[in-house]
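The values are calculated or read from the model by the stated rules, or taken from the named source; none is laboratory data. Note that this is a predicted model, so its numbers are computed, not measured. As a convention, Cβ positions derive from the backbone with ideal geometry for all residues, glycine included, and neighbour counts pool all protein chains shown.
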């Protein structure tokens, strides 16, 4: 099946752009990208810049899970083929993820969890590992940046499709399903808490470091607001 064109608008609200060239593209070389990110979000700290990147990238990852729910498909793409654009929205320096529609892949229902694993391992952890070669940043911080967004998606979906959400969360909480990633970072983040509890109070263990950038304020649920 070809990419569903009606999905473009919803993706754009998640800062995902399909079949369009970026205007201020980040360098594909990771060390150069880190330096560009530092300038873009006005910080001298590479860890802050990379944490910012994963907060922005979380929208793309969440969009992948949303596509699987709505269209039984996702972008089956190596992270190296993605492009990242610098944009100003709402007066803030933000990022958009650009992806070609030709990489959209539909799946059978029994391959749903296989797609989850592809996204988590090939499109998140492999990219995180590449950044780790050049800077020091906690994997927990990067994963909490990604999964915080994903939890909001599932919390909003739960009233409409509680059974599917329960099945997905059960899979995501199981350490075995994340291998070769060493652990389920969702289990570390969520534990035994319900989704509604998770989005109603501070949950994460680490700070996303947005408060270290002049254009951003301390997040509502920051574990280290001071």
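Some observations on this one:
- Number of the exception - residue 87 against (1) touching a helix residue (DSSP H, G or I) at 6+ places or on another chain (Cβ under 9 Å); (2) assigned to a strand (DSSP E or B); (3) under 22 Å from residue 217 (Cβ atoms); (4) at pLDDT 95 or above: (1)
- Subset tally (residues that are under 29 Å from residue 164 (Cβ atoms), more than 13 Å from the chain's Cα centre (by Cα) and in contact (Cβ under 8 Å) with a residue 60 or more places away in the chain) for segment 59-96: 5
- Looking across segment 58-81, the residues that are in contact with a strand residue (DSSP E or B) (Cβ under 9 Å, 6 or more places away or on another chain) and farther than 24 Å from residue 158 by Cβ come down to 75, 76, 77, 81.
- When segment 174-205 is filtered for residues that are over 19 Å from residue 126 (Cβ atoms) and crowded, with 18+ Cβ neighbours inside 10 Å, the ones remaining, listed by number, are 189, 190, 195, 198, 203, 204.
- Filtered residues of segment 40-58 (kept if touching a residue at least 40 places away in the same chain (Cβ under 8 Å), part of a helix (DSSP H, G or I) and over 12 Å from the mean Cα position of the chain (by Cα)): 40, 46, 47, 48, 50
- Search result, residues across segment 191-226 that are in contact with a helix residue (DSSP H, G or I) (Cβ under 7 Å, 6 or more places away or on another chain) and modelled with pLDDT of 85 or more: 195, 196, 198, 199
- Counting only helices (runs of 4 or more DSSP H) that sit wholly inside segment 102-190, those with at least 1 residues that are at pLDDT 95 or above and closer than 23 Å to residue 38 by Cα are 126-132, 139-157.
- Selection of first residues in segment 204-226 that are on the phi > 0 side of the Ramachandran plot and of second residues that are surrounded by 13 or more Cβ atoms within 10 Å (Cβ to Cβ) and modelled with pLDDT under 75, restricted to Cβ pairs under 9 Å at least 6 apart or on distinct chains, gives an empty result.
- Qualifying residue in segment 112-133 (condition: touching a strand residue (DSSP E or B) at 6+ places or on another chain (Cβ under 6 Å), at positive phi and crowded, with 16+ Cβ neighbours inside 10 Å): no
- The single condition from (1) surrounded by 17 or more Cβ atoms within 10 Å (Cβ to Cβ); (2) part of a helix (DSSP H, G or I); (3) at pLDDT 95 or above that residue 97 fails is (2).
- Among residues of segment 18-45, those that are modelled with pLDDT of 95 or more, more than 13 Å from residue 134 (Cβ to Cβ) and touching a helix residue (DSSP H, G or I) at 6+ places or on another chain (Cβ under 6 Å), counted: 3
- Within segment 1-34, the set of residues being in a loop (DSSP other than H, G, I, E, B) and surrounded by 12 or more Cβ atoms within 10 Å (Cβ to Cβ) comprises 3, 4, 14, 15, 19, 20, 22, 24, 26, 27, 28.
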